[in-house]
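Take a look at the structure below.
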2 protein chains.
Amino acid sequence: MPSIDRRALIGAASLALAGSAARAAPEPSAPPAGPAAARDVTRTLARYVVDARFEDLPEPVRREGTRTFLNWVGVAIGGSHHETLDVAVAALQPFSGPPQAGLFGRSERFDIMNAAFLNGVSSHIFDYDDTHLKTVIHPAGPVASAILALAEMRPVSGRDFLNALVLGVETECRIGNAVYPNHYDVGWHITGTAGVFGAAAAAGRLMGLTEQQMVWALGLAASQPVGLRESFGSMNKSFNPGRAATNGLFAAILASKNYTSSDGMIEAKRGWANTISTKQDYREITEGLGSRYEAALNTYKPFACGIVMHPAIDAAVQLRNENRLTPDQIRRVDLKVHPLVLELTGKTAPRSGLEGKFSIYHAVAVALVEGAGGEKQFSDRAVRDPVIAALRGKVVPTVTPGVKPEQVEMTITLADGRTLSRQIEHAVGSVENPMTDADLERKFVDLAEGILPDAQIRRVMALCWDIANLKDAGDVARAGVQV
Amino acid sequence: MPSIDRRALIGAASLALAGSAARAAPEPSAPPAGPAAARDVTRTLARYVVDARFEDLPEPVRREGTRTFLNWVGVAIGGSHHETLDVAVAALQPFSGPPQAGLFGRSERFDIMNAAFLNGVSSHIFDYDDTHLKTVIHPAGPVASAILALAEMRPVSGRDFLNALVLGVETECRIGNAVYPNHYDVGWHITGTAGVFGAAAAAGRLMGLTEQQMVWALGLAASQPVGLRESFGSMNKSFNPGRAATNGLFAAILASKNYTSSDGMIEAKRGWANTISTKQDYREITEGLGSRYEAALNTYKPFACGIVMHPAIDAAVQLRNENRLTPDQIRRVDLKVHPLVLELTGKTAPRSGLEGKFSIYHAVAVALVEGAGGEKQFSDRAVRDPVIAALRGKVVPTVTPGVKPEQVEMTITLADGRTLSRQIEHAVGSVENPMTDADLERKFVDLAEGILPDAQIRRVMALCWDIANLKDAGDVARAGVQV
């Protein structure tokens, strides 16, 4: 007979139940144990999440948390009638539990785990949500989807809600920092893998888990990473933050009844970080908790496309608005760009809104015509508009040494021979040049228009801005459904 | 400002929606593309799962599928009143959908996704389930839990059910083969990671998915791996096959409504195998479909402990039964063993049933006294029995060069000076010396006794043996609940 593999010999039961004896066994193909710093990482994080008070959050962190929440509600409403969500709603309705929570922009109600999934999907459909640029995590989807559903079922104050939101975002971004970029490079969709921890932490905090229960919740979260980059371009991408929200909620719910896990699931030799990444920097998770906030570094997209085109769109919108340009005035648009712009968005003749997201020619043309770069500007309608199509033939991007990816230099030559120029160092929406509150409101309205009545849109936005003062955070969810 | 990372620049939207443009971009830290063989792996597997007919299954494969099913029902009943399941049931009850499916050995009913989870947990609690020795996957848990719940809701014939069960087991074991051992060594609990595919394939087959829908179901399954080895020893271990069952079912349900994924989620550059393992052998997945069956290699544990102790227990039971030994007759028990036996199971004075699973001294003593090695022999009661405790002091294992892990040589010295010897080459339960049908029945009864009445146990077993002929496979589920 062939020699039985040693793992088979050890046997599932032994592996399952082995204490130090089994773990001490030599395992030649195992990864090296982590550095000495890798002690109590999960517990340290759990303790912080359980103990941190709203009162301790610096004002800028509260403010960014509020902006994160408002932006998320807007994109969740915006995606709510996309085919992706229609399909998911139809598929899951026969299995849903009690109608505990609503869906933004829709009228159906689901149990909280399904509602968290569906709002999470909805908020990522346009890829127009928030971004933690250091890790490309979209933080709000997994966290806010989980806890807003929970808040509809078990009322919590807006203060507690906002505190939990910030702690969840902090958790996922710190864990993401610890393994980025290796973890992302190899193929994981980090929003779905780190996001589960954020959802578990935030939901667990709102449920009042003890430190030990939070350790278990993080352990059960570690057991359920979601998402591979290969799925990008399909409905599976927006699936990932949605499922991360559900998985984190599921973990917290089980842990709240003392469903156990290991105590060191993040840092142990065969725990999450060693299994899922070739880089582990645990200081990113445990150092400066309560003093530096990743949650304060969140950014919001002003344009519904990849960040590489944002400087050019920003320049186009500025020149158009300042000069009241009309398409017939424009003879030629020269752009000095970084090589990535043509590598990634070089489609000269896009045929659909989706393809428009990969055309610097379309992005500049539509921004010059309509003064915006929202989801409507990357629709089939916009791409097929003859005026916009004609204008994109006049856009001439040139790869130019010395131009950084976050920069652009645009020169518009007018029919009368005049030229207009604009150099962008940091596009709107970057950390250095963030979207203003007014920008976020315009984006929100743009996404929600046609889905909810104007007065309702205003009311939902007002509740979002006021989240820290609400008696019942679930009011936001109830205010955002289709009635 | 710090230079923005290129991944941030590409932007989530671009990554999400990029076609060939973004994928063609050079990515220095990416893993090398797979070999040319890595084409259409997901689709080839999907086509097989969609097309394979029950009539094409060789008789030995049907028979092993039936044994797999019976063994799984037995362990699921056996675990049904463990604290782990009590906790999970209590946690999930408030969120469950319609009472679509039952739990073995219990009276509660849940929607099929929660029922699949709970039966999957229950069947793995004692680590006494089936084992595909080449990968240490426990195949039945994820697959049978998913499709039996489904069968309760949407009636299917026993033939279709057994066919789907075999196809699901085949799917997960082949995918496991492709990445084992690297994938397991690094820290994944392969039952939960490969198991999701098995559940999705089997559930998708019963739901009548088209080939394209099956491709998507496998893609959504690939997005939801479950389980890390660090959790072994906690309730989180049995969580893994349960959650794998739910995740696979969830994937199939969404795909059935045309929720899309990528077409090559298993084999693509940033797909499952490249992301989750440093070894990929896609031939294990695609070669010999319909002619060689991993599902025929399933094994069942006769003893509720790690396989490393099985030869010694087997020898002890044989010598006891053949010689009608009583404890007072035994002066000393010598064992020649492989080093792993002492490395993994060297506890001389276990204090609990759980610790007894890691004591070769206890395992041999209890087998000599009670003639078995079931869950009851690894209980607190057994470990604390004074007769058994005294006898384990007489067990003397000696690491002996030349003894293979699957072997043992036992010599019992009796009080009257006589010696009895037995050499084991392949313990009962191995591929070479499988459990007989009668063995499986004894194991089943042992697990179910005290949970269901004897007549009901007999009836459930009879339905399991007859699965291929049942008009409605869901009858097994309905027959196995507590009434």
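The values are calculated or read from the model by the stated rules, or taken from the named source; none is laboratory data. In this text the structure is predicted, and so the values were computed from the model without any measurement. FYI the Cβ positions are ideal-geometry reconstructions off the backbone, even for glycines, and counts take in every protein chain you see. Please note that ligands, DNA and RNA were not included when accessible areas were found on the heavy atoms of the full protein model with its side chains. Shrake-Rupley method; radii C 1.70, N 1.55, O 1.52, S 1.80 Å.
As a test question: what accessible area, to the nearest 10 Å², does B:Arg381 have when a 1.4 Å probe is rolled over all protein chains in place?
B:Arg381 exposes around 120 Å² with every protein chain in place.
Across chain A, how many lysine pairs separated by 8 or more positions, or lying on different chains, have Cα atoms within less than 12 Å? Intermediate results must be reported in sequence, preceding the final value.
On the way: A:Lys301/A:Lys443; A:Lys336/A:Lys404; A:Lys347/A:Lys357; A:Lys357/A:Lys376; A:Lys376/A:Lys443.
Close lysine pairs found across chain A: 5.
Work out the charge dipole of the protein assembly as shown with +1 on the Cβ of Lys and Arg and -1 on the Cβ of Asp and Glu about the Cα centre, then indicate which of A:Ile388, A:Pro401, B:Leu391 is farthest towards its positive end.
The Cα lying farthest towards the positive end belongs to A:Pro401.
Find how many whole Å separate the alpha carbon centroid of the range B:114-174 from the alpha carbon centroid of the range A:156-211.
Comparing the Cα centres of the range A:156-211 and the range B:114-174, I get a distance of 32 Å.
Using only the Cα atoms, what convex hull volume per residue in Å³ does the range A:93-194 have? Don't skip to the answer; put the middle values down first.
On the way: hull volume 11.2 nm³, N = 102.
In the range A:93-194, the Cα hull volume divided by residue count equals 110 Å³.
In nm, what does the list of distances from B:Asp466 to its counterparts in the other copies look like, shortest first, when each label sits 7 Å along Cα to Cβ?
6.7
For the range B:249-278, which residues drop by 30 square angstrom or more in accessible area between the chain on its own and all protein chains together (1.4 Å probe)?
Residues passing the criterion (a loss of at least 30 Å², heavy atoms only) are B:Phe250, B:Ile253, B:Leu254, B:Lys257, B:Tyr259, B:Thr260, B:Ser262, B:Met265, B:Arg270, B:Thr275.
Distance between the C-alpha centers of the range A:250-283 and the range A:429-482? Whole Å please.
Here the answer is 34 Å between Cα centres.
Can you give the % of DSSP beta bridges in chain A that are antiparallel, to the nearest 5? Let's see the in-between values first.
Numbers: 20 of 26 bridges.
Roughly 75 percent of the DSSP beta bridges within chain A come out antiparallel.
For A:Asp380, B:Asp111, give the ranking by accessible area with the largest first, probe 1.4 Å. Present the calculation step by step, with values, prior to reporting the outcome.
Numbers: A:Asp380 70, B:Asp111 5 Å².
Largest to smallest exposure gives the sequence A:Asp380, B:Asp111.
If you roll a 1.4 Å probe over the heavy atoms of the protein chains, what accessible area per residue do you get for chain B, in Å²?
Values: 15260 Å² over 483 residues.
Ligands and nucleic acids excluded, the result is 32 Å² per residue.
How big is the antiparallel share of DSSP beta bridges in the range A:307-424, given as a percent to the nearest 5? The partial results should precede the final answer.
Details: 13 of 18 bridges.
Antiparallel bridges: around 70 percent, rounded to the nearest 5.
From the phi angles alone, apply the Karplus equation (6.51, -1.76, 1.60; θ = phi - 60°) to the range B:470-483 and give each ³J(HN,Hα) in whole Hz, x where the residue is Gly or Pro.
Result, rounded to whole Hz: 6, 5, 9, 4, x, 4, 5, 5, 5, 6, x, 8, 7, 10.
Label-point separation (nm) for A:Thr348 and A:Arg418, each offset 7 Å from Cα along Cα-to-Cβ?
3.1
Could you name every residue in the range A:340-366 that has 50 Å² or more less accessible surface in the full protein assembly than in its own chain alone (probe 1.4 Å, ligands and nucleic acids excluded)?
At a threshold of 50 Å² (probe 1.4 Å), the residues of the range A:340-366 that become less exposed are A:Leu340, A:Glu343, A:Leu344, A:Phe358.
Which percentage, to the nearest 5, of the DSSP beta bridges contained in the protein assembly as shown is antiparallel?
Numbers: 40 of 52 bridges.
Here the antiparallel bridges make up roughly 75 percent for the protein assembly as shown.
Please state the shape class of the range B:307-424: rounded when a/c is under 1.5, otherwise prolate if a/b exceeds b/c and oblate if not, all from the C-alpha gyration tensor. Mind dumping the intermediate values first?
Details: a/c = 1.57, a/b = 1.03, b/c = 1.51.
Cα axes put the range B:307-424 in the oblate bin.
Based on the mean of other beta carbon atoms within 10 Å per residue, what is the order of B:93-99, B:238-244, B:293-299, most packed first?
Values: B:93-99: 16.9, B:238-244: 31.6, B:293-299: 22.1.
Ranking, from highest mean packing down: B:238-244, B:293-299, B:93-99.
Over chain B, what is the mean sequence separation of C-alpha contacts under 8 Å (at least six apart), divided by residue count, expressed as relative contact order in percent? All intermediate terms of the calculation are to be shown ahead of the outcome.
Numbers: 989 pairs, mean separation 95.1, N = 483.
It comes to 20 percent, rounded to a whole number.
Between the DSSP loop rule and a limit of at most 13 other Cβ atoms within 10 Å, which GluC sites (Glu not before Pro) in the range B:401-483 are left? Kindly include the intermediate steps, with their values, before the conclusion.
On the way: sites: B:Glu406, B:Glu409, B:Glu425, B:Glu432, B:Glu441, B:Glu449; in loops: B:Glu406, B:Glu425, B:Glu432.
Filter output for the range B:401-483: B:Glu425, B:Glu432.
Could you give the spread of the C-alpha atoms of the range B:205-319 along their three principal axes, from largest to smallest, in whole angstroms?
Result for the range B:205-319: principal-axis Cα extents of 59, 37, 32 Å.
So which DSSP H runs in chain B come out at 27 Å plus along the axis (Cα) with average Kyte-Doolittle of at least 0.0? Show your work: numbers first, answer last.
Numbers: long enough: B:59-78 (29 Å, -0.18); B:158-179 (32 Å, 0.41); B:236-256 (30 Å, 0.15).
Those that pass (Cα extent of 27 Å or more, hydropathy at least 0.0) are B:158-179, B:236-256.
What do you reckon, how do A:Arg62, B:Arg392 stack up by accessible area (1.4 Å probe), largest on top?
Values: A:Arg62 55, B:Arg392 30 Å².
Result, largest first: A:Arg62, B:Arg392.
Can you give me the relative contact order of the range B:41-301 as a percent, contacts being Cα pairs under 8 Å and 6 or more apart?
Numbers: 552 pairs, mean separation 71.9, N = 261.
It rounds to 28 percent for the range B:41-301.
I want to verify the translational diffusion coefficient of chain B in µm²/s; compute it with Stokes-Einstein, Rh as the Kirkwood radius over Cα pairs, at 25 °C and 0.890 mPa s.
Values: Rh = 23.5 Å.
Result for D is 105 µm²/s.
Going 7 Å from the Cα of B:Asn469 along its beta-carbon direction, which residues of the range B:52-83 have the amide nitrogen within less than 20 Å of the resulting point?
Under 20 Å, as judged by backbone N against the label point of B:Asn469, lie B:54-71 of the range B:52-83.
Between chains B and A, what is the buried accessible area in Å², counting both sides, with a 1.4 Å probe and ligands, DNA and RNA left out, to the nearest 100?
Numbers: alone 20070 and 20060 Å², together 30500 Å².
Answer for the B-A pair: about 9600 Å² buried.
Would you mind checking which residues have amide H under 5 Å from B:Val408's amide H? H placed 1.01 Å from N; only 5 or more apart, or other chain.
B:Ile424
What are the ³J(HN,Hα) values, in whole Hz, obtained from phi via the Karplus relation 6.51 cos²θ - 1.76 cosθ + 1.60 with θ = phi - 60°, for each residue of the range A:347-357 in sequence order, with x given for Gly and Pro?
5, 7, 10, x, 10, 9, x, 4, 5, x, 5
Would you calculate, for chain B, the mean residue ellipticity at 222 nm contributed by helices, counting each DSSP H stretch of 4 or more residues as -39,500 (n - 2.57) and dividing by all residues, to the nearest 500? Could the numbers behind the result be given before it?
Working: 24 runs with 248 residues, N = 483.
Taken over chain B, the calculation gives -15000 deg cm²/dmol.
List the extent of the Cα atoms of the range B:159-220 along each of their three principal axes, largest first, rounded to whole Å.
36, 23, 15
From the protein chains alone at 1.4 Å, what is the descending order of accessible area for A:Trp188, A:Trp465, B:Trp216, largest first? Working shown, then result.
Numbers: A:Trp188 5, A:Trp465 75, B:Trp216 40 Å².
Order by accessible area, largest first: A:Trp465, B:Trp216, A:Trp188.
What are the semi-axes of the equivalent ellipsoid for the range B:41-301, taken as the square roots of 5 times the Cα gyration tensor eigenvalues, largest first, in whole Å?
Details: eigenvalues 122, 78, 66 Å².
Rounded to whole Å, the semi-axes are 25, 20, 18.
Would you mind checking which residues have amide H under 5 Å from B:Thr299's amide H? H placed 1.01 Å from N; only 5 or more apart, or other chain.
B:Thr131, B:His132, B:Leu133
Ordered by residue, what ³J(HN,Hα) values in Hz, to whole numbers, does the range B:181-192 give under the Karplus form 6.51 cos²θ - 1.76 cosθ + 1.60, where θ = phi - 60° and Gly and Pro are x?
Per-residue couplings from phi come out as x, 3, 4, 6, 4, 5, x, 6, 8, 4, 4, x Hz.
How shielded is A:304-313 by partner chains, expressed as the average number of their Cβ atoms within 10 Å of its Cβ atoms?
Numbers: counts 1, 5, 12, 9, 9, 4, 2, 0, 0, 0.
That average works out to 4.
Tell me the carbon and sulfur percent of the accessible area for chain B, rounded to whole percent, probe radius 1.4 Å.
Numbers: 7840 of 15260 Å².
About 51 percent, which is the carbon plus sulfur part of the accessible surface.
Bin width 20 Å, origin at 0, all Cα-Cα pairs of the protein assembly as shown: what percent of pairs per bin?
Over the protein assembly as shown, the share of Cα pairs per 20 Å bin runs 15, 44, 30, 10, 2, 0 percent.
Any idea how far apart B:Asn321 and A:Arg63 come out in nm if each label point goes 7 Å out from Cα toward Cβ?
Computed distance between label sites B:Asn321 and A:Arg63 equals 7.8 nm.
Using alpha carbons only, what's the Rg to Rh ratio of the range A:239-393 with Rh from Kirkwood?
On the way: Rg = 22.8 Å, Rh = 19.3 Å.
Ratio of gyration radius to Kirkwood radius: 1.18.
If amide H atoms are built 1.01 Å from N in the plane of the peptide, which residues on other chains or at least 5 residues away come under 5 Å of the amide H of A:Ile330?
Answer set, sorted by chain and number: A:Ala415.
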